[in-house]
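Nothing in this text is a laboratory measurement; each read-out follows from the coordinates by a stated rule. It should be emphasised that the depicted structure is a prediction, and the values quoted were computed from it without experimental measurement. Cβ placement follows ideal geometry from the backbone for every residue including glycine, while neighbour counts extend to all protein chains displayed.
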Amino acid sequence: MSWRVILTDRAQVLSLKPLSLSWDAIGGPQEALLSLEDDAIGFEELRSLLGAGLEIYDPSDRLAWWGYVHQVSQPAGMTGLGCSLDEMANRVAVRYRSLEPGKDFAAISQTEWKDDPISQGLYGIKEVLLKREAMSEEQALLLRDTSLKRLAQPVRKLHPLTNEEQSRVVCCGWFERLRWRQWSARTDILGHSANQQGFQALGASLTQTKLAQSWSVQDSLKVASLSVRIRKIGDPQDQVRFQLQTDAFGQPSGTVRAEAVVTASAIPADSYSWVRVWLAEPCAFTAGECLWLVISRDGAVSSVSYFSLGLDENLGFSGGKLLLLDGSHNQWKPRTPDADLLFKMTALSDSVELMEQVVQTSGCLTGFSYEAGAGVSLPYVSEAGLDCQAAFLRLLSLGTPELNRLMVEVNSKRQVRVFTQPAPGRDTYWLGKDGRVKNEFGKDLEPAWRAVGGWLASETGSTCFVENLRINPPDGSCKLKTNNVT
């Protein structure tokens with residue numbers, strides 16, 4: 001038997017033959033170069049293969065490679081035609097610096113996404129976020145619409161010079177499809193940290209024994225630490241107490257979900273500074289819940305030794321309100337003039353949950369499994385403009401809490417599997433003097449791509465990790481890419 005190429009969602013083209021196949025330890029099947037040996041197939045029929053799923057079977061009828069058609073080309077004498085999904089995009093938005101009067105000058109804005117349903121039905125959703133400098137909203141929308149019209153279908157291009165004698169089909173593994181979708185910018189450092197405009201004494205009199213700032217939770221989170229801008233006045237010797245309380249009719253309920261304290265010695269006396277306290281355990285809140293950050297001093301009221309908190313009297317925080325507790329009446333009251341507390345909350349995200357969210361956002365991959373134990377718990381920050389593959393790889397690079405390296409593969413059913421890199425000595429193959437990969441019996445490894453993501457030993461006693469392997473089916477030759485990372 002010879003190598004077979006099977007299209008999984010299009011009419012079969014029996015004359016497709018693999019010229020080169022590669023696999024990578026990160027993602028699995030990476031790239032396939034095929035030739036089309038049927039000269040009767042025209043370019044338009046060839047172009048209709050773009051986006052098609054395919055599977056490649058070796059001469060022993062083992063499923064060896066899987067992915068989708070990414071690029072096609074066809075010679076015509078000394079010239080040729082080509083078409084690729086590289087520049088195609090059927091969902092477009094524009095990020096730009098707004099020059100709108102009355103708004104934050106030069107602030108970064110983004111248009112709504114616009115879709116081409118016909119193209120998406122043929123190829124799946126492929127997004128592009130165009131980045132520009134200063135422009136008006138009208139310019140940004142015009143750029144979005146004209147770009148979508150131009151990019152929605154793959155463009156046929158003329159190649160003036162080509163040495164190819166047969167049509168070529170270039171395929172990519174499914175892991176590459178993560179690059180087709182954008183990953184939204186997000187941060188686990190939340191709150192309000194504008195420039196300080198004003199301050200509020202805490203514990204200097206009975207009229208302000210406690211301060212409370214509300215905040216509505218947009219997405220489910222686990223708060224791990226709290227920070228405020230604070231200084232001490234005089235020489236207080238007590239503690240400042242931070243509490244997270246639930247809401248009751250627009251004010252703190254008194255029900256404490258979490259708390260922590262900071263000693264007066266940890267608070268500066270000469271200027272306002274950000275002071276952070278960590279909770280003993282992260283405190284979970286659900287989306288839509290209203291929470292209150294309540295701050296008080298543990299000691300007695302003193303007009304000469306107290307604490308002072310930084311505020312924003314410009315009211316730049318629209319997500320909550322500030323209240324003071326009048327201890328003489330045990331009543332919460334608005335501050336005059338009104339203000340917002342300067343505060344930060346640091347949440348923790350789980351790397352495994354984030355990776356699963358990235359896979360779901362991709363819209364193409366069908367499942368996710370994690371076989372490496374616990375994930376890494378961390379404050380997560382991602383900038384704007386990352387595609388899903390870049391976001392996924394950054395999370396993967398965190399490894400495990402034990403600092404083990406993580407690998408990933410996408411199987412033929414488009415399911416993502418994350419697992420730890422095997423340790424040296426486990427599933428170790430041999431690198432023969434002829435340059436071929438050998439099994440434990442000294443025979444050529446069959447199939448050779450099993451070595452990807454494993455270790456190679458040699459007669460010198462050294463080992464190396466197989467990052468990538470390329471096979472050329474016409475002559476059976478292999479090319480390895482390795483490293484010595486342990």
Exercise. Sort the following peptides by mean Cβ neighbour count (other Cβ atoms within 10 Å, averaged over residues), highest first: 453-459, 429-435, 46-52.
Key: 46-52, 453-459, 429-435
Quiz item: Could you give the radius of gyration (one decimal) and Dmax (whole number) of the Cα atoms in the chain, in Å?
Solution: 30.1, 94
Quiz item: Over its Cα atoms, what ratio of radius of gyration to 2.2 N^0.38 Å does segment 177-284 give?
Solution: 1.31
Quiz item: How large is ³J(HN,Hα) for each residue in segment 401-418, as worked out from phi by the Karplus curve 6.51 cos²θ - 1.76 cosθ + 1.60 (θ = phi - 60°), to whole Hz, x for Gly and Pro?
Solution: x, 8, 6, 7, 6, 9, 10, 8, 9, 10, 7, 5, 9, 6, 9, 8, 10, 10
Exercise. Using the number of other C-beta atoms within 10 angstrom as an exposure proxy, rank Asp312, Asp238 with the fewest first.
Key: Asp238, Asp312
Practice problem: In Å³ and rounded to a whole number, note down the convex hull volume per residue for the Cα atoms of segment 91-151. | Solution: 67 Å³
Self-check item: Mean Cβ neighbour count within 10 Å, used as a protection proxy, ranking 208-216, 270-278, 369-377 highest first
Solution: 208-216, 369-377, 270-278
Quiz prompt | Percent of C-alpha pairs per 5 Å bin, segment 349-420, short to long | solution = 3, 16, 31, 26, 16, 7, 1
Practice problem: Could you please rank His329, His192, His70, placing first whichever residue has the fewest other Cβ atoms within 10 Å of its Cβ? | Solution: His329, His192, His70
Quiz item: If you place +1 on the Cβ of every Lys and Arg and -1 on the Cβ of every Asp and Glu, how big does the dipole about the Cα centre of segment 349-420 come out, in debye to the nearest 20?
Solution: 240 debye
Exercise. Over all alpha-carbon pairs in segment 428-483, figure out the percentage whose distance exceeds 14 Å.
Key: 47 percent
Quiz prompt | Cα centroid of segment 181-197 to Cα centroid of segment 247-292, whole Å | solution = 18 Å
